1. Can you pull the Rg over Rh of the stretch B:42-260, Cα-only, Kirkwood?
2. Order of A:57-63, B:222-228 by packing, highest average Cβ count within 10 Å first?
3. Which one, B:250, B:216, B:66, has the greatest fluctuation when you compute a Gaussian network model over chain B with C-alpha springs under 10 angstrom?
4. With r as the distance between the Cβ atoms of residue A:23 and residue A:241 and R0 = 25 Å, compute the FRET efficiency 1/(1 + (r/R0)^6) and round to 0.05.
5. Note down the nm distance, to one decimal, between modelled labels 7 Å out along Cα→Cβ at residue B:38 and at residue B:186.
6. In vacuum, with every alpha carbon of chain A counted as one equal point scatterer, what does the Debye formula give for log10 I(q)/I(0) at q = 0.14 Å⁻¹? Two decimals, please.
7. Percent relative contact order of the stretch B:83-182, based on C-alpha pairs within less than 8 angstrom and at least six residues apart?
8. How much FRET efficiency would the formula 1/(1 + (r/R0)^6) give for residue B:57 and residue B:231, where r is the Cβ-Cβ distance and R0 is 25 Å, rounded to 0.05?
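Values in this text are rule-based calculations from the coordinates and carry no lab data. Model, not experiment: these values are computed from the prediction. So basically every Cβ, Gly included, is an ideal-geometry build from the backbone, and we count neighbours across all protein chains shown.
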């Protein structure tokens, strides 16, 4: 269970988060929607201890999140970054098995490689990809490798930051399906941030909309289309007219 | 009126505060690096890769710099020495000049240009593409994984490069001496050996270690502080080279004062 209470974060004069309250149950897949620059990534980074909040409280299974996060806390998390964030200097299999090659999860090299190849297979990539470098892969393949890395150590909580950005609709659908399958299969808690409504519908159990530094609306995916909230309605239908200013 | 008078003072104060804040950030960063130096885990593979990148691959540029510098030094000392019939001091002055001063300083500056820029660009790019954040989420401390191996490698590699540069520079002087200045080869080498003291070489190697530390520290620091986008990485790279070069020259003066002032 992730619980966020009264989270505030300001960068210079820009108050990005102004009292975010949110909770995610164990095994739930929550998707956070909201316009660009509304602080969705900052929220995830606060939970991961990458950004220090100004005020507020975050707990994961009752344990307060710290900055920097403890190794025990981080060991529970996997993250798929927006651009993949693969390490250019390492071949694909070492990217996937990064956590298994060092630290307290360290395994023998052969075993780590075998796990990496299995995780690559799970995301639809063959063993021939294992020895390539990230720069040799297409955008879709990089996302899959990022996904394989996020699940390699079988984390209890997985974050997905804009998982389909920059992908064609078919590849976006493939990634959405993969995320849903993996999250269900692993029984993991998932938090995804996205603008892509097809991702929302494919991945979410529940949805939260972040706007104006607070959670504007939250509820089950089934209720998203029927909510009268004008912000949600404008966002999910992509209307230029409405309470959300088109130019932010 | 008062505001107009105070404006330059306020500007000076802001500049001073910003400079002090920058020094403070750098000092904290250096402290973190030194703290991680003595605490496991240690990343041996990253250290060896950094050693290869910083040491081995810098050898050509340091060697080229040294050979031309040694040759030019021999010509200059010969021309200058001729004014008071002291041409015979060429071998000893070339050797002392190379080992104490030109080997470490020019070698350090060339390595700064090559390595500080490369480190800052690499780490800066990792920062803007979220690879540094990814390291953290993978339970790996970025300072320990990226910075410490480079700082240790540079601190160990630059003295070795300086030693190689010293030898090549002296050889450059010898080549010019015997081909252009009519020195006898054996005499040139004997004069070099007779007048060169161990501390001439040792002081240059100590300087090399300090310069190596500065080069990697500035490359890593500016990379980690890099702003967003290509412009941010470009600015980080430029700052790394400029600050490493200036600090090398300043440290060289301080070390020379410490080692040789009478």
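1. 1.09
2. Per-residue mean Cβ counts within 10 Å order the peptides as B:222-228, A:57-63.
3. With Cα springs under 10 Å in chain B, the top fluctuation among B:250, B:216, B:66 is at B:250.
4. On the way: r = 33 Å, r/R0 = 1.31.
Efficiency, rounded to the nearest 0.05: 0.15.
5. 5.4 nm
6. Results for chain A at q = 0.14 Å⁻¹ read -0.94.
7. Values: 33 pairs, mean separation 49.2, N = 100.
It comes to 49 percent, rounded to a whole number.
8. Working: r = 27 Å, r/R0 = 1.10.
Efficiency, from the Cβ-Cβ distance: 0.35.
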